[in-house]
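Working notes, beginning with the structure itself.
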Amino acid sequence: MKPSAPPPPPDLDHPHLIARNARYGLILFAIYVVFYAGFVALSAFGLEKMKIDIAGVNLAIVYGLGLIALAFVMAIIYMLMCGKHNDGLGDGPNDGEDRE
């Protein structure tokens, strides 16, 4: 018996999904960069504003923790955006074959 060729990697089956997911990632990255640039600009040029107290801590701490929280929220948004349109993945050439 001649061994069958291994199936192609899943990403080769759906290049349009890869392109769409990459586009979503770049858009979310650009949004995050804007927030991060605001943090850096305030740290560099608005040091007095970073010392403002908000609920007992300064704005620098609140903004920094906000950036971390924003990263998690954006990761969840990315996951939901990328998984939303994957309904038609069963029509590839290797449909029904196990991939390991």
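Numbers below:
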| read-out | value |
| --- | --- |
| ³J(HN,Hα), Karplus 6.51/-1.76/1.60, whole Hz, each residue of the stretch 15-24, x for Gly, Pro | x, 5, 5, 5, 5, 5, 5, 5, 4, 4 |
| 3J(HN,Hα) from dihedral phi, the stretch 31-43, Karplus parametrisation 6.51/-1.76/1.60, rounded to Hz, x for glycine, proline | 4, 5, 4, 4, 5, 5, 4, x, 5, 5, 5, 5, 5 |
| Quotient of Cα Rg and 2.2 N^0.38 Å for the stretch 15-84, N being how many residues it contains | 1.41 |
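No lab work stands behind these numbers, since they all come straight from the coordinates. Since the structure is predicted, the reported quantities are computational estimates derived from the model, not experimental observations.
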